[in-house]
Amino acid sequence: MAGLHRKGTGIYVVQFYDPDRQPQRKRVSTSVRDLRSAERLRRRWEVAYAEGRYDPWTQPAPEPGASDHRPRPRRAA
């Protein structure tokens, strides 16, 4: 459903595809250069798109860790 591509600047972009939309391909910048972080964002955005919470053609990219972020449990000291 969505692919991950690296621009010439080293920043990763997520490309969504829908043959019924114009343009058919929509690229959204992750603003990160780390592949692991970019892949994590791609998965989150892909799930949000599939659930109807995010439309890359009409909405800005969700902030990393905004509404779907769950705080990590604290470790006992």
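The values are calculated or read from the model by the stated rules, or taken from the named source; none is laboratory data. Nothing here was measured: the structure is a model prediction, and the numbers come from that model. Because the Cβ atoms are built from the backbone with ideal geometry, glycine has one as well, and the counts that use them run over all protein chains shown. Ligands, DNA and RNA are stripped out before the accessible areas are found, and what is left, the full protein with its side chains, is counted by its heavy atoms. Shrake-Rupley method; radii C 1.70, N 1.55, O 1.52, S 1.80 Å.
Filtered by the rule that a residue be open to solvent by less than 80 Å² (accessible area, probe 1.4 Å) and more than 20 Å from residue 47 (Cβ to Cβ), segment 23-33 gives 23, 24. For the subset of segment 1-22 comprising residues that are assigned to a loop (DSSP other than H, G, I, E, B) and closer than 19 Å to residue 52 by Cα, which member is least open to solvent (accessible area, probe 1.4 Å)? Ranking the qualifying residues of segment 1-22, first place goes to 18. For segment 34-50, residues that are surrounded by 14 or more Cβ atoms within 10 Å (Cβ to Cβ), over 18 Å from residue 60 (Cβ atoms) and not small (Gly, Ala, Ser) total 2.
Filtered by the rule that a residue be more than 17 Å from residue 54 (Cβ to Cβ) and not in a helix (DSSP H, G or I), segment 23-39 gives 23, 24, 32, 33, 34. Scanning segment 1-50 for residues that are in contact with a Ser or Thr (Cβ under 7 Å, 6 or more places away or on another chain) and among the small types (Gly, Ala, Ser) turns up just one, 38.
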